[in-house]
1. Do we find a residue being within 27 Å of Glu293 (Cβ to Cβ), surrounded by fewer than 13 Cβ atoms within 10 Å (Cβ to Cβ) and not polar (S, T, N, Q) anywhere in segment 2-23?
2. I'd like to check something: does segment 231-238 contain any residue that is over 28 Å from Gln82 (Cβ atoms) and open to solvent by 10 Å² or more (accessible area, probe 1.4 Å)?
3. Counting only residues that are under 27 Å from Ser274 (Cβ atoms) and in contact (Cβ under 8 Å) with a residue 12 or more places away in the chain, give me the strands (runs of 3 or more DSSP E) lying completely in segment 173-234 with at least 3 of them.
4. Since Leu136 meets every condition but one in (1) farther than 30 Å from Trp34 by Cβ; (2) under 19 Å from the mean Cα position of the chain (by Cα); (3) of a type outside the set (Val, Ile, Thr); (4) in a helix (DSSP H, G or I), which condition does it not meet?
5. I'd like to check something: does segment 144-161 contain any residue that is open to solvent by less than 70 Å² (accessible area, probe 1.4 Å), under 24 Å from Asn107 (Cβ atoms) and in a helix (DSSP H, G or I)?
6. Go through segment 58-68 and give me each residue that's in contact (Cβ under 8 Å) with a residue 40 or more places away in the chain and either over 20 Å from Ser92 (Cα atoms) or open to solvent by 10 Å² or more (accessible area, probe 1.4 Å) (or both).
7. Specify which of the listed residues (Gln121, Gln75) is closer than 25 Å to Val156 by Cα, open to solvent by 50 Å² or more (accessible area, probe 1.4 Å) and modelled with pLDDT under 95.
8. Considering every residue within segment 213-225, establish whether at least one is polar (S, T, N, Q) and within 17 Å of the chain's Cα centre (by Cα).
Amino acid sequence: MNVPLQVAVGVIKNLDGKVLISLRDPSLHQGGLWEFPGGKIESSETAEQGLARELKEELNITVIASKPLITVQYQYPDLAVQLNVFLVEHFSGEAKSCEGQPFKWVNPDELASYSFPAANQSIITAARLPDRYAILDDVDESRLLKSLQKILDRGVKLIQARLKTLPTVTVERFIERAYPLCKQHNALLLMNSAVENERGLDVDGIHLTSRHLMSITKRPKGMKWVAASCHNLLELQHAQNIGVDFVVLAPVLSTATHPEAETLGWERFAELVSRINLPVYALGGQSESSLVEARQGGGQGIAAIRAFLD
């Protein structure tokens, strides 16, 4: 791969949660397609400085605060790029087109209906995903619904039902009540692939165990969302190759249940994340305060079992 062109990109969200996209001039590389605003980083700038300058020049908005969202490396036939993407939820000024390019505000779930450059596809996914992923375990079957309600009350919008040991009829009965509850809170519910008959359940997608991930060569069909558990680079690359939407990488830190397990640590986590173009959640010893480190390491956010129940 050639030395990539360094580009700063902003996923700008307004108070309504809508995302700003603009139309590339037909004369430019990948012209005529929609994109997230931004531009080339100058040699004297950091990525954040380049983004702030570009957004001021293009849209006349001033970035108050931004945080890393995802870094994407992509090789087009004629150009290698590295997109350094930031989430911008705090800015001043009213967006307007300073360079004549059309732009619009769209709901994140509508992004997939617009034509973007190929390098932007993982950005679209990252823009649609929250920064917290709750794992609902089946350790205490009697508290499942109460635990789910507690997670939802904390504002978590992405949940995995990891109900591996429960009888099928119990899982079905739980999902019948849990899925409508998640919909009321605009939350996504995924089912772990180790659950028997998981594809017959009314949920938003599937979360593949690492064993199931490595046993397949194509993305499971008919699933709105496909996630996977990964522990090393081989599994991460395979997840990307088959078209998984996002992954969980573990264990980052030691946990109370497996204190003897070898951990990745934040440095190795960041190194692995930098090798793929997928949203990655850090799992293992995570708490709400870990969000900053996960983001700094290039992750989408954190995944946890107990952190959202404490």
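The values are calculated or read from the model by the stated rules, or taken from the named source; none is laboratory data. Bear in mind that the values here come from a model prediction, so they are computed numbers and not experimental data. Virtual Cβ from ideal backbone geometry, glycine too; neighbours counted across all protein chains shown. Note: areas computed on protein heavy atoms with side chains; ligands, DNA, RNA excluded. Shrake-Rupley method; radii C 1.70, N 1.55, O 1.52, S 1.80 Å.
1. Taking segment 2-23 as the starting set, the residues that turn out to be within 27 Å of Glu293 (Cβ to Cβ) are 4, 6-13, 17, 19.
If we keep only those that are surrounded by fewer than 13 Cβ atoms within 10 Å (Cβ to Cβ) too, we end up with 17.
If we keep only those that are not polar (S, T, N, Q) too, we end up with 17.
Taking every residue of segment 2-23 in turn, at least one turns out to be within 27 Å of Glu293 (Cβ to Cβ), surrounded by fewer than 13 Cβ atoms within 10 Å (Cβ to Cβ) and not polar (S, T, N, Q).
2. no
3. Passing ranges, in order: 205-208, 225-230.
4. So the condition that Leu136 fails would be (4).
5. Yes, that holds for at least one residue.
6. Let us first name the residues in segment 58-68 that are in contact (Cβ under 8 Å) with a residue 40 or more places away in the chain, namely 58-59, 61, 63, 66-68.
Those that are in contact (Cβ under 8 Å) with a residue 40 or more places away in the chain and either over 20 Å from Ser92 (Cα atoms) or open to solvent by 10 Å² or more (accessible area, probe 1.4 Å) (or both): Glu58, Val63, Ser66, Lys67, Pro68.
7. Going through Gln121, Gln75 in turn, just one is closer than 25 Å to Val156 by Cα, open to solvent by 50 Å² or more (accessible area, probe 1.4 Å) and modelled with pLDDT under 95: Gln121.
8. Step one: list which residues in segment 213-225 are polar (S, T, N, Q), which gives 215, 217.
The next check asks that each one be within 17 Å of the chain's Cα centre (by Cα); those that pass are none.
No - not one qualifying residue is present in segment 213-225.
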